[in-house]
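One structure below.
The values are calculated or read from the model by the stated rules, or taken from the named source; none is laboratory data. Note that the structure is predicted; figures quoted are calculated from it, not measured. Here the Cβ positions follow ideal geometry from the backbone for every residue, glycine too, while neighbour counts run over all protein chains shown. In case anyone asks, the SASA skips ligands and DNA or RNA and just uses the protein heavy atoms, side chains included. Shrake-Rupley method; radii C 1.70, N 1.55, O 1.52, S 1.80 Å.
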Amino acid sequence: MSQQPLFTPITVGSLKLPSRIVMAPMTRNRAAEGQVPTPLMAEYYAQRASAGLLITEATQFSLQGYGYPNTPGIHTDAQVAGWRRVTDAVHARGGRIFLQMWHVGRISHPVMQPGGALPVAPSAIAAEGTLYTVEGPKSFVTPRALELSELPGIVQGFANGARRAMEAGFDGVEVHGANGYLLDQFLRDGSNHRTDAYGGSVENRARLLLEVTEAVAGAIGADRTGVRLSPMNPFNSMSDSDPAKTFSYAAGALDKLGLAYLHVMAPVPAPETPRILPLIRERFRGPLMTNGGHTLQSANAVLNDKLADLVSFGSTFLANPDLPERLLKGAPLNTPDSSTFYGGDARGYTDYPALTA
Ligand SMILES: Cc1cc2nc3c(=O)[nH]c(=O)nc-3n(C[C@H](O)[C@H](O)[C@H](O)COP(=O)(O)O)c2cc1C
């Protein structure tokens with residue numbers, strides 16, 4: 001069993017991981033008032049500390065970057081103190097944990113923004129559908145296009161958040177460049193119609209992602225910095241006219257930064273995946289993590305095929321606190337309950353049973 005590639009150690013930046021099994025970032029909307037991480041969150045992450053690496057739920061570095069109720073922040077002292085409880089609990093169990101950091105961009109609403117302001121985005125283009133806010137579901141509004149002069153503040157915001165994450169005891173930071181949030185809104189041309197140095201060509205559209213990643217790496221070390229991308233994910237009304245070109249370029253540019261890893265959401269059954277992942281693999285020579293619908297078999301296969309070096313598991317890890325042990329033993333898996341994914345209490349959060357109590 002131990003010959004399975006999933007269970008072989010790997011060095012990621014400055015960390016030695018005992019396995020290639022990663023817990024994918026998952027928003028759970030259980031932070032307290034002031035977007036402060038709670039003791040229950042510390043318990044949840046500590047229960048899952050046997051992962052090769054844990055990546056937290058997406059965390060905002062400013063109130064402007066806030067979109068959904070009760071997602072945690074990393075911009076106040078109370079939030080840093082709350083996260084310190086989480087990292088201490090994970091480290092006490094021998095685990096390693098990165099903070100995923102986001103700015104939601106247009107995926108917010110005036111009721112979630114300071115002073116009822118419009119959410120911001122590369123361009124004044126609304127996402128379709130509704131957002132779940134503190135006042136219930138609301139239709140997306142047309143966001144305000146960020147001024148060129150505001151972009152250095154976004155870059156600094158990510159870097160400051162990364163410094164705060166180090167204060168909170170994290171082993172590193174994953175820059176959220178995926179799933180239709182601000183950096184992805186800049187990267188893909190469906191949501192970026194700018195005509196300045198941050199729009200148009202792929203070099204321009206990738207500029208903010210690269211500036212942010214460089215600033216985070218400059219603040220905490222490239223060996224503690226990861227990036228997440230989702231080339232084919234249409235979630236949050238996202239599209240790109242040439243994903244192969246866009247994401248090959250981004251992967252090649254990120255390669256030059258000497259990052260801890262690149263995390264690519266590339267669901268296994270999607271027909272595009274075989275096309276995009278090898279392209280990224282060719283251009284990004286550091287540790288490559290893949291994600292999306294993986295089982296023990298598919299994860300071992302993707303590693304055996306050298307398409308990736310690590311595999312992250314989302315809902316399976318959510319429902320199985322001892323996932324590495326279960327995979328190793330071929331034990332049955334608990335089924336995730338999607339009704340308790342977002343918000344609530346310990347139910348569907350810290351009460352999924354482990355094999356051994
Ligand atoms: C409850 C839930 C919350 C999620 N929140 C995030 C998030 O905060 N950041 C992120 O990058 N992806 C998020 N995702 C996507 C997961 O990281 C992952 O890409 C997705 O679940 C597919 O992997 P899986 O098939 O192993 O679950 C979330 C997924 C779930 C199920």
Residue satisfying condition, being touching a helix residue (DSSP H, G or I) at 6+ places or on another chain (Cβ under 6 Å) and of a type in the set (D, E, K, R), within set Asp196, Asp223, Asp189: Asp196
Output for region 317-357, where each listed residue is more than 19 Å from Leu296 (Cβ to Cβ), among the hydrophobic types (A, V, I, L, M, F, W, C) and touching a residue at least 24 places away in the same chain (Cβ under 8 Å): Phe341, Ala346
Top-ranked residue of region 266-291 - restricted to ones that are modelled with pLDDT under 95 and within 12 Å of the ligand (Cβ to nearest atom), ranked as surrounded by the most Cβ atoms within 10 Å (Cβ to Cβ): Ala266
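Okay, residues lined up against (1) surrounded by 14 or more Cβ atoms within 10 Å (Cβ to Cβ); (2) outside any helix (DSSP H, G or I); (3) on the phi < 0 side of the Ramachandran plot:
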residue: Phe98; (1), (2), (3): yes, yes, yes
residue: Ser108; (1), (2), (3): yes, yes, yes
residue: Ser123; (1), (2), (3): yes, yes, yes
residue: Glu128; (1), (2), (3): no, yes, yes
residue: Leu131; (1), (2), (3): yes, yes, yes
residue: Lys138; (1), (2), (3): yes, yes, yes
residue: Val155; (1), (2), (3): yes, no, yes
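One line per residue, one yes/no per condition, for (1) away from the ligand (no atom under 16 Å from the Cβ); (2) crowded, with 19+ Cβ neighbours inside 10 Å:
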residue	(1), (2)
Leu262	no, yes
Leu296	no, yes
Asp309	yes, yes
Pro332	yes, no
Asp337	no, no
Tyr349	no, yes
Number of the condition not met by Gly314 [criteria: (1) more than 16 Å from the ligand (Cβ to nearest atom); (2) touching a residue at least 40 places away in the same chain (Cβ under 8 Å); (3) of a type outside the set (S, T, N, Q)]: (1)
Scope region 284-342; condition of a type in the set (Lys, Arg) and in a loop (DSSP other than H, G, I, E, B); matching residues: Arg285, Lys306
Selection within region 317-330 - open to solvent by less than 40 Å² (accessible area, probe 1.4 Å), among the aliphatic types (A, V, I, L, M) and away from the ligand (no atom under 11 Å from the Cβ): Leu327
Residue ID - surrounded by the most Cβ atoms within 10 Å (Cβ to Cβ), chosen from residues in region 211-226 that are within 17 Å of the chain's Cα centre (by Cα) and among the β-branched types (Val, Ile, Thr): Val216
Among residues of region 298-311, those that are touching a residue at least 40 places away in the same chain (Cβ under 8 Å) and aliphatic (A, V, I, L, M), counted: 5
